[in-house]
Amino acid sequence: TCTHAQLSLAHALGGGDVSACPPRKGRGGSAHAPFDRQLKRKQKNWAALQPEPAKYDYLREEVGGRVADRVYDIARTFPLALDVGCGSGYIAQYLNKEAVEKLFQVDMAENALKNTMETEIPTVSVVADEEFLPFKEDTFDLVVSSLSLHWVNDLPKAFREIHQVLKPDGVFIGAMFGGETLYELRCSLQLAELEREGGFSPHISPFTDVTDVGHLLGRAGFNTLTVDTDEIQVNYPGMFEVMEDLQGMGESNCSWNRKPILHRETMLAAAAIYQEMYGSNDGSVPATFQIYYMIGWKFQESQARPAQRGSATVSLGDLAKINAFISGEKK
């Protein structure tokens with residue numbers, strides 16, 4: 001048999017149906033917490049202690065670089081920034097002092113913080129749960145986060161806490177896994193269980209839809225929102241290599257309702273289905289990761305705002321006449 005700890009992201013990647021989450025007990029959280037946060041901390045600490053942790057960092061480094069690119073797109077220097085769920089510094093390695101003068105890095109896994117990569121920016125490491133940020137209100141000019149928020153139990157609350165620690169006119173730039181992530185692996189496992197065991201158990205909590213992300217950011221108080229999606233496809237020798245890398249990333253399942261065992265015959269059948277349905281001519285199989293990128297600002301009076309409805313001084317009809325007049329002059 002194959003223990004569920006060996007299964008990884010295939011079974012539980014992604015946040016729960018956060019738009020429908022009831023409030024959590026204590027500190028305003030939810031009465032129903034889908035994820036075992038202590039288990040997730042152990043998984044991330046275990047991954048950070050592996051002989052070659054950098055071997056599994058390729059996806060996080062790629063997404064971290066894309067988050068950093070979005071920081072550089074904003075033409076300003078941020079005196080104080082916060083990285084929520086930083087891991088070993090996947091965003092920080094791409095930043096410089098012209099973009100960020102000082103950076104706080106927060107992660108729940110102390111071993112990940114011990115492995116943080118060198119950067120020219122002065123950094124401060126803080127061991128803390130991403131769900132409970134231990135900072136005062138209006139502290140940071142910038143908050144970033146990459147591939148961490150899909151494991152929080154209360155995403156609306158996490159967004160509210162990020163908004164709270166931002167200064168007015170501060171910006172949040174984040175990335176998280178989207179609903180189409182690892183659809184090949186999830187489909188193969190479900191079909192194999194139907195074939196071998198006569199039914200399948202739900203291996204993942206529902207992903208947050210891209211439209212829900214925008215709504216949740218708005219409810220948390222962010223404005224001037226931008227949410228876009230991207231896909232990264234990685235090729236592997238086979239299904240078991242996909243799962244091995246996911247475990248090395250610290251992405252093993254931590255759902256409270258996780259299935260403890262998948263039988264060996266089911267796993268072999270899933271690998272065969274994966275190869276048959278998605279395999280390439282060279283024998284490799286793809287794994288697709290969908291990424292949501294989000295940008296939201298904390299309100300300040302000096303920010304540019306859209307004009308009030310009805311305040312326009314020129315109608316679209318007048319603009320059309322001007323275009324027609326210019327075209328006539330050219331003739």
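The values are calculated or read from the model by the stated rules, or taken from the named source; none is laboratory data. No experiment lies behind these values; they were computed from the predicted model shown. Note that we place each Cβ from the backbone using ideal geometry, even for glycine, and neighbour counts take in every protein chain shown. SASA here: full protein model, heavy atoms, side chains in, ligands and nucleic acids out. Shrake-Rupley method; radii C 1.70, N 1.55, O 1.52, S 1.80 Å.
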- Query: If only one of ARG219, ARG258, ARG196 is among the basic types (Lys, Arg) and either at pLDDT 90 or above or closer than 30 Å to PHE140 by Cβ (or both), which one is it?
  - Reply: ARG219
- THR116 vs. criteria under 27 Å from GLN38 (Cβ atoms) and either surrounded by 24 or more Cβ atoms within 10 Å (Cβ to Cβ) or not charged (D, E, K, R) (or both): yes
- Message: Of all residues being surrounded by fewer than 19 Cβ atoms within 10 Å (Cβ to Cβ) and modelled with pLDDT of 95 or more in the stretch 283-294, which is nearest to the chain's Cα centre (by Cα)? Just the residue, please.
- Response: THR288
- What are the residues in the stretch 132-152 that are open to solvent by 10 Å² or more (accessible area, probe 1.4 Å) and in a loop (DSSP other than H, G, I, E, B), if any? PHE132, LEU133, PRO134, PHE135, LYS136, GLU137, ASP138, THR139
- Item | Candidate set from the stretch 89-105 (those that are polar (S, T, N, Q) and touching a residue at least 24 places away in the same chain (Cβ under 8 Å)); member that is surrounded by the most Cβ atoms within 10 Å (Cβ to Cβ) | GLN93
- Item | Test for VAL124: is it in a strand (DSSP E or B), exposed (fewer than 15 other Cβ atoms within 10 Å of the Cβ) and modelled with pLDDT of 95 or more | yes
